[in-house]
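The structure appears below as structure tokens.
The values are calculated or read from the model by the stated rules, or taken from the named source; none is laboratory data. Bear in mind the structure is a predicted one, so any value in this text is a computation, not a measurement. So basically every Cβ, Gly included, is an ideal-geometry build from the backbone, and we count neighbours across all protein chains shown. Areas reflect the complete protein model, heavy atoms only, side chains present, ligands, DNA and RNA absent. Shrake-Rupley method; radii C 1.70, N 1.55, O 1.52, S 1.80 Å.
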Amino acid sequence: MARTVNGFAAYEAKDALRPYTFERRDPRPDDVVFDVLYCGVCHSDLHQVENDWGDSTYPIVPGHEVVGRVTEVGSEVTKFQVGDLVAVGCMVDSCRTCNPCQAGLEQYCEEGNVSTYSDVDRHDHRPTYGGYSKVMICTEDFVLKVPENLDLKSTPPIVCAGITTWSPLRHWNVGKGSKVAVVGLGGLGHMALKLANALGADVTLFTRSLNKVEDAKRLGAHHIVLSTDEKAMEAVANQFDLIIDTVPNNHDLSPYIPTLTLNGTLVLVGYLGNLDEVNTVPLILGRRTIAGSVIGGIQETQELLDFCGQHNITADVEVIKMEEINEAYERMQKSDVKYRFVIDVADFK
């Protein structure tokens, strides 16, 4: 049994998205059903549509920053009830038994977590479809509670861009007295500034463009350093406990490594691929680390949503209609958005 749902999909690689009617499973006993209200547009949506990573399966209904209201719950559901405001992020399931899953780090599931879209359900082997659609169905264990005080249209990016930066902030114990730098001011970077600031850190933005100074200060940066200015970079040598690098393409890390303090870490959260050569001298002489991190576990993501509710933190977004998604993709490739597109799915007929 299944139910018919309307959405937008790419039918093949590099195809423009257009209306798509498809079937979602009938709810299982542990499932939560919700009407999608808003869905964020992530750069990885574009990568999947274009098959840049070589693992896309079509048709693709993208969207893994999904917020909506519960309309139905299965007989075994205990965490949610009809009317609750909920979210689904990048995962909808995992093996739940491996060491990472048992530690609440489902994003690192050794069998591979089940992606919200362009993946296959572990139980019925049906394709998964994302939030560019009117209805979502997900096991309650991968559904998140959204604080009612948050601005709904600005909330979806929290469960992707937000958690991608929150997870390293928490893992490396950022708090009052920490010195944090952020490389890149986009969807990820602007959330990193807000969250690091709210945690009490002293926050610096590394940027190649001085026209971002005022925005960076508004978002939570206390200092702005032009990364192409050698003297400015020398002035911040040996300062940062943690650098969150959000740049989504291949780039040179060598200017940033000497700015780490002893035992400092530069964590990559934006780029999947091979990097240019890294000079190991400043790593070895400062016991510095280059690390990587991806999204966060369900418990960690709920912690973030609760934190955002307490501090009234949401993303800076531009709301679009579903029919404007192809134009949004074109603009996103040009970094022409501050700082995340969000689709008003409730308005989609």
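Details
- At most 14 other Cβ within 10 Å, DSSP loop - trypsin sites (Lys or Arg not before Pro), the range 155-253: Lys176, Arg208
- Contact order for the chain, expressed relative to its length and based on alpha carbon pairs under 8 Å spaced 6+ residues apart, stands at 18 percent.
- Rounded to the nearest 20, the size of the Cβ-charge dipole of the chain about its Cα centre is 740 debye, with Lys and Arg at +1 and Asp and Glu at -1.
- Point-charge dipole on Cβ atoms (K/R +1, D/E -1) for the range 81-168, about Cα centre, debye to 20: 220
- Accessible area in square angstrom per residue, the range 1-142, 1.4 angstrom probe: 42
- Under 13 Å, Cβ to Cβ, from Lys321 - net charge with Lys/Arg +1 and Asp/Glu -1: -4
- Net charge contributed by nearby residues that have their C-beta within less than 13 Å of Gly177 (K/R +1, D/E -1): 0
- In the structure shown, the pairs Lys179/Lys231; Lys14/Lys334; Lys176/Lys334; Lys134/Lys321 are assessed against 24 Å; a Cα-Cα span above that value is assigned to Lys176/Lys334.
- Residue range of the chain that is longest and free of chymotrypsin sites (Phe, Trp or Tyr not before Pro) which are both DSSP loop and sparsely packed (at most 14 other C-beta within 10 Å): 54-349
- Cα gyration tensor shape of the range 92-155, rounded if a/c is under 1.5, else prolate or oblate by comparing a/b with b/c: oblate
- Kirkwood hydrodynamic radius of the chain, from the reciprocal of the average inverse Cα-Cα distance over all distinct pairs: 20.6 Å.
- The range 76-115: GluC sites (Glu not before Pro) in DSSP coil with no more than 12 other Cβ atoms inside 10 Å: Glu76, Glu110
- Local electrostatic count at Val247 - Lys and Arg +1, Asp and Glu -1, tallied over other residues with Cβ under 13 Å: -2
- Candidates per trypsin sites (Lys or Arg not before Pro) in the range 1-86, loop by DSSP, up to 16 other Cβ within 10 Å: Lys14, Lys79
- Between the C-alpha center of the range 14-77 and that of the range 108-180 there is a gap of 12 Å.
- With N the number of residues in the range 228-283, Rg(Cα) / (2.2 N^0.38 Å) evaluates to 1.11.
- The Cα-based radius of gyration of the range 37-174, divided by its Kirkwood radius, gives an Rg/Rh of 0.95.
- In the range 109-178, the portion of solvent-accessible area held by carbon and sulfur atoms comes to 45 percent [1.4 Å probe, whole percent, DNA, RNA and ligands not counted].
- Choice from Val114, Val77, Val281 showing the highest fluctuation, given a GNM over the chain with Cα pairs closer than 10 Å: Val281
- Cβ-based charge dipole, the chain, positive-most Cα from Ser209, Val143, Asn51: Ser209
- Along its principal axes, the range 127-267 has C-alpha extents of 53, 30, 28 angstrom, given from the largest down.
- Taken over the alpha carbons of the range 1-98 as equal point scatterers, the Debye sum produces base-10 log I(q)/I(0) values at 0.15, 0.21 Å⁻¹ of -0.73, -1.22.
- When +1 charges are put on Lys and Arg Cβ atoms and -1 charges on Asp and Glu Cβ atoms, the dipole computed for the range 89-135 relative to its Cα centre reaches about 180 debye.
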